[in-house]
Amino acid sequence: MTGLVVFLGAFLLFCVELLVGKVALPRFGGAPAVWTTSLFFFQLALLGGYAWAQRLAAAKASWQKRLHLGLLGLAVLAVGAQAATWPAPLVPPSAPVGADLMKEMAGLLLVSVGLPFLALSATAPLLQVWAARGGHPAPWRLYALSNAGALAALVVYPLVVEPWMGLRAQGWAWAALFMLDAAALAWVALRGAASPPPPDSAADSERLSPWRVGAWLGLSGLGTVLLGATSNVLCQDVSAGPLLWALPLGVYLVSFILPFEHPRWDKPTLWLGLFAAGALLNTASLEDGGYGLPALLAAHLLLQLGSSLFVHGALFRARPATGHLGTYYLVLSAGGALGSLAVSLGGPLLLDDLWEFPAVVCAVGLLGVFHLARRPDDMRSPVFAARLVVAISLLLSVLVLSGSWAGAGARGNERARMRNFFGVLHVAELDAQTENHRVSLYHGETIHGLQLRVPGKQAEPLSYYGRGSGLGESIRQLRQRRPALDAMVLGLGVGTSAALLQAGDAVTFYEIDPNVVRLARGEGGHFDVLGRVQAGVTLREGDARALLEKDLASGMAPKDLVAVDVFSGDAIPVHLFTREAMALYARALKPDGMLLLHVSNRHLDLSRVAFPLLEELGLHAAKVVSPREGWAYLAVWVVASRDAALVDAVANRTWVDMARGTERPHRWTDDRSSLMDVWR
């Protein structure tokens, strides 16, 4: 029964991390930082649970189970109160979000899952202490079992739960399993009272030096920095969501399970070889942006796996005797919280790019070289040769990867770089003193804006907004029917789409990233498209969906054109592509207006979601792909209208590709969505 309680508790812990993160994602703009901020909260809560377990283990035996059952009872009452007053447990009603996003997120997470998470996180270390004092021959196995339960959650949630269950159903199912685990834990606690260690226990005679405790803290912090940095890189250029959250987190857990399961998995030379291979694959992916999603994931996850196995193997080798289990796990959780803090708060405040990723890779690589160098072998032995090869590979891979990151960050003559909750922006100047002189805005690895600096061409519609693009042709067709256009664009970039409009037209932009707004308004002198266009421009700062809901409620006049051009890096904020969001866009549209969805993407086929939802709303739709021409990029737009003739007029132009339907349609809603639906 003890093993079952540990396994189920860990399963519930990691399911709830993904579930609550998914609940928070649309409320905070779909930004990748939602997950790293959540990770910090959960690591901090884990630290609280381990501290609680340690304090209980030091208390009188008669009080240990009473106090923990009291905490468990409060957690059960909290879940019950949510069930009575919220749409579902863990799923609070929607509420306006203030300007301090991290503070607002912390409040949401604390109210939603604070007490249950605290009670569950104390389960594994507390039961291990009780098992050790009860004579269990290998209490470390319970830690591996706990990680196995967590790993099971990371497989089951994105592959089974998320695709097939809505958020409310997930909340009810989690609450039922939590009540079951709470009952089982109470039964285990009541059956066997925890006993204090014997006064003359040999374990307690072991002294813990500050250096040893510092090593635990540093190594566990490195592991969580690797986790957060890898998640940030993947989410910025693919998409933020449970699937891509679960993969790095699963690797993190595997790297704990193997070393703690049995010493036979202590193979640091092998793990450092995996690290070197992953670093070289990462370098290749940086040099070739055309790598597909599987190759991109393999490169990052292999690097994280090799690094984390090496780091956590060192943690296992430095473990104390069982009498210091509570202190050991408390220090590990403190290191995890510090590592998450460094990525979620320190990164955006102190760094202007995702530099924590190459920095932690370099740190682990240098530790690996030191580890190999301090273990001399006979120079003629195969073991020595293998270590020498791995050490040289480590040094080369770290140097090459660091150089590639620095080079990828430059992107020509870099004029500005900035980072906030919504990601990293770069402004680069290219081909100065030539007829191709231009300034580009990058969000992560993806271009979000482009302006020529050649006299007379500063207000040309470029990149994904050329005159021959789906957006450009739709505006041309609408202009044949009315003299002036009233447009709405969700997503600003540098305002290039406004260059397709003319005097007498009006456009309202919705943009959530304040750094993007400042750049588009001309701060720093990098871009001035908005100052050169002839149309009237209005900027609305905040989450596009929340602002649009307010505007519609206040009686906003319907628009001739609604263009949805919302990306964070190359990632689509899912909450702006659901049935409820599409219904808002349709409400904002005139009967003969046009709705355009920008679906250009390297990794995801968003038309699988767009077409069935547009059909439900009674809109005719076509997918059009315009060819690259000069500085107008290949662009994919889904064009929709209640007027079929208008869609035909756009779609019957000469396109590289045109489709009126799509294979494997999926209908995303606010309650159910999964990236598994749209992977290419």
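The values are calculated or read from the model by the stated rules, or taken from the named source; none is laboratory data. From a predicted model like this one, the values you see are computed outputs, not experimental measurements. Reconstructed Cβ throughout: ideal geometry from the backbone, glycine too, with neighbour counts over all protein chains shown.
The residue of the stretch 550-606 that is surrounded by the fewest Cβ atoms within 10 Å (Cβ to Cβ), among those that are assigned to a strand (DSSP E or B), of a type outside the set (D, E) and touching a Lys or Arg at 6+ places or on another chain (Cβ under 7 Å), is P591. Residues that are buried (at least 23 other Cβ atoms within 10 Å of the Cβ), at pLDDT 90 or above and touching a Cys at 6+ places or on another chain (Cβ under 9 Å): does the stretch 302-323 have at least one? Taking every residue of the stretch 302-323 in turn, none turns out to be buried (at least 23 other Cβ atoms within 10 Å of the Cβ), at pLDDT 90 or above and touching a Cys at 6+ places or on another chain (Cβ under 9 Å). Restricted to the stretch 631-650, and to residues there that are in contact (Cβ under 8 Å) with a residue 40 or more places away in the chain, closer than 18 Å to H448 by Cα and in a loop (DSSP other than H, G, I, E, B), the residue that is farthest from the chain's Cα centre (by Cα) is W631.
I want to confirm something. Restricting to the stretch 15-59 and keeping residues that are of a type in the set (S, T, N, Q) and closer than 15 Å to L118 by Cα, which single residue is modelled with the lowest pLDDT? The selected residue is Q54. Every listed requirement among (1) assigned to a helix (DSSP H, G or I); (2) surrounded by fewer than 16 Cβ atoms within 10 Å (Cβ to Cβ); (3) at pLDDT 90 or above is met by M676 save one, (3). Residue check: is V343 touching an Asp or Glu at 6+ places or on another chain (Cβ under 8 Å) and in a helix (DSSP H, G or I)? Against the criterion (touching an Asp or Glu at 6+ places or on another chain (Cβ under 8 Å) and in a helix (DSSP H, G or I)), V343 qualifies. Among the residues making up the stretch 129-160, those that are modelled with pLDDT of 90 or more and either farther than 29 Å from G80 by Cβ or surrounded by fewer than 20 Cβ atoms within 10 Å (Cβ to Cβ) (or both) are A152, V155, V156, L159, V160. Inspection of the stretch 610-633 finds no residue satisfying the criterion of being in the same structural domain as F567 (by TED's automatic domain parsing), hydrophobic (A, V, I, L, M, F, W, C) and at pLDDT below 85. Could you tell me which residue of the stretch 432-476 is surrounded by the fewest Cβ atoms within 10 Å (Cβ to Cβ), considering only residues that are farther than 22 Å from H598 by Cα and of a type in the set (D, E, K, R)? Filtering the stretch 432-476 for residues that are farther than 22 Å from H598 by Cα and of a type in the set (D, E, K, R), the one surrounded by the fewest Cβ atoms within 10 Å (Cβ to Cβ) comes out as E435.
On inspection, G493 qualifies as in contact (Cβ under 8 Å) with a residue 12 or more places away in the chain and assigned to a loop (DSSP other than H, G, I, E, B). Selection over the stretch 603-634 of residues that are of a type in the set (K, R) and in contact with a Gly (Cβ under 8 Å, 6 or more places away or on another chain) gives a count of 0. Of everything in the stretch 324-342 that is aliphatic (A, V, I, L, M) and over 10 Å from S220 (Cβ atoms), the residue that is modelled with the lowest pLDDT is L325.
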